[in-house]
Amino acid sequence: MTIRTRFAPSPTGYLHVGGARTALFSWLYARKHGGRFVLRIEDTDLERSTAESVQAILDGMSWLGLDYDEGPFYQTQRFDRYKEIIQQLMEQGDAYYCYCSKDELEEMREKQRANKEKPRYDGRCRHLTAPKPGIDPVIRFKNPTSGSVVVKDMIRGDVEFKNAELDDLIIARPDGTPTYNLTVVVDDMDMQMTHVIRGDDHLNNSPRQINIFNALGAEPPKFAHVPMILGDDGARLSKRHGAVGVMSYRDQGYLPEALLNYLVRLGWSHGDQEVFSIQEMIEFFDIEDVNRAASSFNTEKLLWLNQQYIKNSPASHIAKHLAWHMEQRSVDLSAGPTLEQIAELYQERAKTLVEMADSSIFFYEKVSSYDEKAAKKNLNQTSLPLLQDMKTRLSQITDWLAEPIHTEIKVCAEKHEVGMGKVAQPIRVAITGNTVSPSLDVTLQLLGRERTLEAIELAIDWILNQD
């Protein structure tokens with residue numbers, strides 16, 4: 001049997017981190033077992049589904065590197081198939097028309113609440129033999145009224161639901177469009193899903209769906225309901241906790257592998273190991289090892305992981321993702337060093353690609369202003385002779401490399417009887433506009449002779465023009 005898993009988001013917003021973790025677990029399970037991973041877009045909610053949300057999901061999957069073997073399939077393109085199955089259930093006697101109005105249903109539920117009963121549809125239209133004129137009915141699934149359904153959950157173990165507790169759910173709206181619990185069963189049946197990994201908010205849907213599978217004579221897939229993700233405050237992760245959309249993490253400068261690594265550790269572990277390559281995730285992951293308890297999202301831990309990935313990833317890989325951030329800043333990359341060189345220079349310093357991008361713009365664009373505090377301390381009459389001397393020394397270097405640059409800074413400091421920092425910091429402010437940069441000699445080597453001398457000349461002029 002070929003393992004077949006799927007990720008089936010509704011396109012009513014961005015791809016959030018909870019959905020991304022579900023997609024990751026499904027993807028890993030399929031990859032581990034040599035199976036197939038399917039992407040299905042559940043877009044039957046015509047009022048809320050949007051093309052922009054579909055694109056956001058596709059973009060998120062692509063950025064994360066969660067490639068799918070089949071799809072994306074769209075439920076809106078399968079309405080004829082759903083109608084066929086609904087008709088089959090009607091003909092079998094496993095579904096029926098319900099003519100109850102909203103007011104009638106609300107009155108029924110109020111009475112149940114007053115009697116301290118669980119509000120549920122009481123099946124009053126089950127045995128109608130004639131239609132009620134002037135009413136467009138819904139179609140309900142005729143759920144068994146006795147016995148129980150056992151969801152054999154790969155994470156939680158067996159979870160039993162009594163059929164008497166499950167009401168006759170609506171499978172078609174008055175306009176004939178199918179509802180979630182019907183479409184998901186038909187899709188999983190037709191697409192031969194063997195394992196359904198999804199959030200635990202779907203656990204209560206599973207017994208209803210199993211009963212529909214049974215009515216259709218189909219084998220239900222194996223289920224694994226993944227616990228929810230909580231914020232730092234213990235509440236369910238939501239927008240108020242900050243960024244919960246996958247692409248917002250790209251925007252904040254995270255590498256996709258760092259986010260995947262973080263997500264796989266939310267509820268799953270392999271000994272004390274914290275950092276996993278994608279191949280290690282595939283090798284070690286098993287859905288049955290996922291913890292039953294909810295996990296808390298810790299942004300500090302994610303940031304630490306991102307820093308580890310920036311430090312240890314090939315510069316070429318960092319450069320590929322850094323390029324997007326430079327494009328957002330309209331940086332002309334032809335005006336400076338390669339992004340691989342930038343990545344190598346900042347790997348030990350940057351926690352995010354945003355930091356790396358913002359810190360390295362001076363390599364491509366002239367400094368237009370100086371940080372006020374940095375300039376007051378480092379661009380003044382005391383530093384003027386040091387800058388003038390360094391301009392002369394640097395202009396005479398024949399091999400523009402870090403080592404001779406370092407030597408000239410050292411010689412200048414000795415000549416003027418000051419520490420090397422007294423020479424280096426004014427140059428650093430001249431080229432970057434502030435007091436922070438990687439090792440100055442390597443930085444100047446990458447910046448180039450012409451740009452370096454030009455920046456120092458501008459700083460000298462700036463000092464001379466101060467009152």
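The values are calculated or read from the model by the stated rules, or taken from the named source; none is laboratory data. The model shown is predicted, which means the values in this text are computed figures rather than measured ones. Every residue, glycine as well, gets a Cβ built from its backbone with ideal geometry; the counts of neighbours run over all protein chains shown. The area values use the complete protein model at the heavy-atom level, side chains included, leaving out ligands, DNA and RNA. Shrake-Rupley method; radii C 1.70, N 1.55, O 1.52, S 1.80 Å.
Before moving on, here are some points about what is shown:
- Largest accessible area first, the residues H127, H202 order themselves as H127, H202 under a 1.4 Å probe with ligands, DNA and RNA left out.
- Note on R156 and E414: the extension gain reaches 85.8 nm, defined as 0.36 nm multiplied by sequence separation minus the Cα-Cα distance.
- Among beta bridges that DSSP assigns inside region 83-241, antiparallel share in %, nearest 5: 70 percent
- Classification of region 140-190 by its C-alpha gyration tensor yields an oblate form. The axis ratio a/c (a ≥ b ≥ c) is 1.5 or more, and b/c is at least a/b.
- Only the Cβ atoms of Lys and Arg (+1) and of Asp and Glu (-1) were treated as charged; on that basis the dipole of the chain about its Cα centre amounts to roughly 900 debye.
- Highest mean first, the peptides 261-273, 391-403 sorted by other C-beta atoms within 10 Å per residue fall in the order 261-273, 391-403.
- Spin-label model, T76/E165: points 7 Å from Cα along the beta carbon direction are separated by 3.7 nm.
- Separation between Cα centres of region 304-343 and region 146-207, rounded to whole Å: 45 Å
- Computed 3J(HN,Hα) for region 264-272, one whole-Hz value per residue from the Karplus formula 6.51 cos²θ - 1.76 cosθ + 1.60 where θ = phi - 60°, is 5, 8, 7, x, 9, 8, 9, x, 9, glycine and proline marked x.
- Order by protection proxy (mean Cβ within 10 Å, highest first), peptides 55-65, 9-19, 128-138: 9-19, 55-65, 128-138
- Accessible surface for D175 stands near 120 Å², nearest 10, in the context of the full protein assembly shown (1.4 Å probe).
- Solvent-accessible surface (1.4 angstrom probe) belonging to R208, in square angstrom, nearest 10: 40 Å²
- Charged-residue dipole, Cβ positions (Lys, Arg, Asp, Glu), region 1-69 about Cα centre, Debye nearest 20: 480 debye
- Extension gain from T12 to D103, taking 0.36 nm per residue of separation minus the Cα-Cα distance: 29.9 nm
- Accessible-area composition of region 96-247, carbon plus sulfur, in percent [1.4 Å probe]: 48 percent
- Sequence of R36, R113 from largest to smallest accessible area, 1.4 Å probe: R113, R36
- With R₀ set to 45 Å, the beta-carbon distance separating D389 from E300 gives a calculated FRET efficiency near 0.50.
- Average Cα contact separation per residue, region 317-418, under 8 Å, 6 or more apart, as relative contact order %: 23 percent
- Three-way shape call for region 153-257 based on the alpha-carbon gyration tensor, with the a/c threshold at 1.5: prolate
- Distant-in-sequence amide H partners of A172 (H built 1.01 Å from N, under 5 Å): I139, T179
- Proximal lysines to K422, defined as alpha-carbon separation beneath 27 angstrom and excluding residues fewer than eight positions away on the same chain: K366, K373, K376, K377, K391, K410
- Cα-based helix-to-principal-axis angle, 17-32 vs the chain, degrees rounded to 10: 80 degrees
- Accessible surface computed residue by residue for the chain, with neighbouring protein chains in place and a 1.4 Å probe, gives 49 Å² per residue.
- Descending semi-axes in whole angstrom, ellipsoid equivalent of region 1-143, from the Cα gyration tensor: 38, 19, 16
- The overall shape of region 69-198 is oblate: from the C-alpha gyration tensor, with semi-axes ordered a ≥ b ≥ c, the ratio a/c is 1.5 or greater and a/b is no larger than b/c.
- Efficiency of FRET from Cβ geometry, I361 and M1, R₀ 60 Å, rounded to 0.05: 0.65
- Between E274 and H127, the modelled labels are 6.6 nm apart [label points 7 Å from Cα along Cα→Cβ].
- Dividing the summed -39500 (n - 2.57) terms of all DSSP H runs of n ≥ 4 by the residue count of the chain sets its mean residue ellipticity at 222 nm at -14000 deg cm²/dmol.
- Remark: relative contact order (the chain) = 12 percent; criterion is Cα-Cα distance under 8 angstrom and separation of 6 or more residues.
- Free-standing Cys residues across the chain, given no other cysteine C-beta under 4.7 angstrom: C100, C412
- Segment T407-K111, length gained on full extension (0.36 nm per residue, minus Cα span): 97.7 nm
- The amide H of R156, built 1.01 Å from its N in the peptide plane, has H225 as neighbours under 5 Å, considering only residues 5 or more places off or on other chains.
- With eigenvalues of the C-alpha gyration tensor scaled by 5 and rooted, the chain, Å: 64, 22, 19
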